[in-house]
Amino acid sequence: MNLEQAKFTLKSNAPVGFESSRKEDSPQHDRSKHDIGIDPRPFPTCTDGATEPKERKEMAASNLRQMNTQTVSAPRSKKFATYDDSKLVSFIRKVQPIVEEELSYGMTPIFDCNDNLYDTAERYRVCRHQELTLRSLNPDHQVANRNEGKPFYVGAAAWLSILTRDAPLLVVACSPSHAAWCDHVSSIVTVFSPRRDRYGGSVQWVELSSNPVKACIESLETNPYNRDMFAGGTVSGDVYIWHYEMNLKVERNSFAELHSETTDCGKVVDMAWTRYNVMSKSDYALLTAHSEGTVILWRVGKSIVKDKIFKLSAPSVNGKALILTRILATSNTEFVAGCDDGSLLLCSTTQLIPLGSTSGERTVGVNSSTATSTSLGKVNCFSPGTLELKSHSFSVTSLQKIEKRRQELLISCDLTGEVLFHDITDSINSTPTLIIKMPLPFKTRIVCTSDTEYIFSPTGNGLLELYRIGSGKVHTVEPSLPMRGSPNLIKMSANGKWLITGTYGGTFIIYSVVIDY
């Protein structure tokens, strides 16, 4: 037989490589010392080439039974000892009570990655904090509505910059219910400042100052890029812009009116702030939505002027008159408008169709009360590029944008509580990603939490409803006294810790929101 072929016979040969350190066949003095090789001794190798598979299985099972019946004990020689018995006993005596206490609590439940680890009622703690009443601040409205039980019907509010203890300044305004033919009386905008109590444990909002306006204000909006600046719109088409500057000596005069102008586009129903240009951080853009289907773009910088006028129309119905109810700026070049018939229009300011120009008056100075130089100019009028999203069944009452984990969501709600979620992260889709129908009664305004877990909505009897999106459960927060009204306002502060709802005959309710993570 060839010597090379003899190496591959079934004959048992000596192992090739390192020998095991547990070699017990050789005498003690012949054992070689190795730094490696701690594997147990292998099973005897079957050298009979004619052994059947059944016999091999029986041999393996027999060896396994022998291993199970053997008692394995740690070596006691100094060479293999790795612990001290006294120290081990002492450690076990210390650990045993702790282990028994942990075991008494039972097994820890294993949650799915999609499960909510917090109970709804425990994670969000919403409490009624304070009630603000504006009834006595405007006696003219009380005289005009002496025979009515609810002199104030429409409310507006805006949270400004944080002043103390995570509590921002607050601006509120009220107006009575208006008809198309009535004379709109003058109104006021009242500023409330948070004050710590004498022990510093809580804050209460106290009146700081009041600014008069020409007509009743029904919309107030804070500039998110400069929270010391806010704008207001009246039922007569007046647009106001104010700015807050801390003045510790004369705090009541801290608010200055930067601009006021009367437009001829109808009632101001809503407002939205955005950047005028992404490259410029000093210029802002204010969008004012008017009831007659018109949106005005104001450039707010060193001077405040009308920049463009947009005439909106529904692409599906040519010549259809639109009545706007809400507006929301999604970027510096796009905004979404909600309509009375439930339509949702995504408008782009980069795709404009010129419609001509209209004569208007531009204010040159920043402060219109001191500016004396005005000039008649022409304001360009355009029709923006419009895309119709899935429409609601009834009038759109709320628009909100939420950024969550690099995802941008457009949330809209109509009068019946139908909520649509659109994903506008990259390119908006006309089909909503989620549709929720909250239970009646009718919802006038809602606000969604930043984690898209809750929807807050005020009710006519003074309750605040907390609707859980995932489960559909509804929790309520009751007022201190029974209230009646038709609240059309709910605003959440930028830090998510304060809510204001109203109005209930001139009374606003402030809630504190605590989130346990």
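How many of the residues in region 188-208 are in a strand (DSSP E or B) and hydroxyl-bearing (Ser, Thr, Tyr)? Walk me through it before giving the result.
Taking region 188-208 and keeping what is in a strand (DSSP E or B), we get 188-196, 203-208.
This time we only want the ones that are hydroxyl-bearing (Ser, Thr, Tyr), so: 190, 193.
Qualifying residue count for the region: 2.
In region 335-357, which residues are open to solvent by 10 Å² or more (accessible area, probe 1.4 Å) and touching a Cys at 6+ places or on another chain (Cβ under 7 Å)?
Scanning region 335-357 gives LEU355, GLY356, SER357.
Of the residues that sit in region 460-517 and are outside any strand (DSSP E or B) and charged (D, E, K, R), which one is surrounded by the most Cβ atoms within 10 Å (Cβ to Cβ)? Walk me through it before giving the result.
To start, the set of residues in region 460-517 that are outside any strand (DSSP E or B) comprises 460-463, 469-473, 478-488, 493-497, 503-506, 516-517.
Imposing the further condition that a residue be charged (D, E, K, R) reduces the set to 473, 478, 484, 497, 516.
On the way: LYS473: 11, GLU478: 12, ARG484: 11, LYS497: 17, ASP516: 9.
The selected residue is LYS497.
From the set of residues in region 133-177 that are among the hydrophobic types (A, V, I, L, M, F, W, C), open to solvent by 20 Å² or more (accessible area, probe 1.4 Å) and modelled with pLDDT under 75, which is nearest to THR507 (Cα to Cα)?
Just the residues of region 133-177 that are among the hydrophobic types (A, V, I, L, M, F, W, C), to begin with: 134, 137, 143-144, 152, 154, 156-160, 162-163, 167, 169-174.
From the residues that got through so far, the ones that are open to solvent by 20 Å² or more (accessible area, probe 1.4 Å) too are 137, 143-144, 162-163.
Restricting the remaining residues to those that are modelled with pLDDT under 75 gives 137, 143-144.
Details: LEU137: 12, VAL143: 18, ALA144: 18 Å.
Step by step, filter region 133-177, then rank; the result is LEU137.
Can you tell me which residue is least open to solvent (accessible area, probe 1.4 Å) among those in region 319-334 that are without any contact (Cβ under 8 Å) to a residue 24 or more places away in the chain and part of a loop (DSSP other than H, G, I, E, B)?
Restricting to residues being without any contact (Cβ under 8 Å) to a residue 24 or more places away in the chain and part of a loop (DSSP other than H, G, I, E, B), the top hit is THR333.
Looking at the structure I just gave you, is SER359 at pLDDT below 90, in contact with a strand residue (DSSP E or B) (Cβ under 8 Å, 6 or more places away or on another chain), assigned to a strand (DSSP E or B) and polar (S, T, N, Q)? Don't jump to the end; show me each part of the working.
On the way: at pLDDT below 90: yes; in contact with a strand residue (DSSP E or B) (Cβ under 8 Å, 6 or more places away or on another chain): yes; assigned to a strand (DSSP E or B): yes; polar (S, T, N, Q): yes.
Yes.
Name the one entry in SER316, SER280 that is more than 29 Å from PRO194 (Cα to Cα) and open to solvent by 50 Å² or more (accessible area, probe 1.4 Å).
SER316
Report yes if GLN130 is modelled with pLDDT of 70 or more, surrounded by 10 or more Cβ atoms within 10 Å (Cβ to Cβ) and not aliphatic (A, V, I, L, M), otherwise no. If you could, list the steps in order and put the result at the bottom.
Working: modelled with pLDDT of 70 or more: yes; surrounded by 10 or more Cβ atoms within 10 Å (Cβ to Cβ): yes; not aliphatic (A, V, I, L, M): yes.
Criteria met by GLN130.
Looking only at region 178-207, count every residue that is surrounded by 10 or more Cβ atoms within 10 Å (Cβ to Cβ) and at pLDDT below 75 and tell me the total.
Final tally of qualifying residues: 5.
Among the residues that make up region 438-459, is at least one of them open to solvent by less than 60 Å² (accessible area, probe 1.4 Å), on the phi > 0 side of the Ramachandran plot and of a type in the set (Val, Ile, Thr)?
Among the residues of region 438-459, at least one is open to solvent by less than 60 Å² (accessible area, probe 1.4 Å), on the phi > 0 side of the Ramachandran plot and of a type in the set (Val, Ile, Thr), which makes the answer yes.
Can you find a residue in region 297-311 that is open to solvent by less than 20 Å² (accessible area, probe 1.4 Å), assigned to a loop (DSSP other than H, G, I, E, B) and in contact (Cβ under 8 Å) with a residue 12 or more places away in the chain?
Looking through region 297-311, none of the residues is open to solvent by less than 20 Å² (accessible area, probe 1.4 Å), assigned to a loop (DSSP other than H, G, I, E, B) and in contact (Cβ under 8 Å) with a residue 12 or more places away in the chain.
Testing THR433 on (1) at pLDDT below 90; (2) closer than 12 Å to VAL126 by Cβ; (3) in contact with a strand residue (DSSP E or B) (Cβ under 6 Å, 6 or more places away or on another chain), one condition comes back false. Which one is that?
With (1) at pLDDT below 90; (2) closer than 12 Å to VAL126 by Cβ; (3) in contact with a strand residue (DSSP E or B) (Cβ under 6 Å, 6 or more places away or on another chain) applied to THR433, the lone miss is (2).
In this structure, does LEU466 turn out to be within 18 Å of ARG125 (Cβ to Cβ) and touching a Leu at 6+ places or on another chain (Cβ under 8 Å)? Walk me through how you get there before you give the answer.
Numbers: within 18 Å of ARG125 (Cβ to Cβ): yes; touching a Leu at 6+ places or on another chain (Cβ under 8 Å): no.
When the stated conditions are applied, LEU466 does not pass them.
The values are calculated or read from the model by the stated rules, or taken from the named source; none is laboratory data. Since the model is a prediction, treat every value here as computed from it, not as a measurement. Neighbour counts are summed over all protein chains in view; Cβ atoms, including those assigned to glycine, are modelled from backbone coordinates with ideal geometry. In case anyone asks, the SASA skips ligands and DNA or RNA and just uses the protein heavy atoms, side chains included. Shrake-Rupley method; radii C 1.70, N 1.55, O 1.52, S 1.80 Å.
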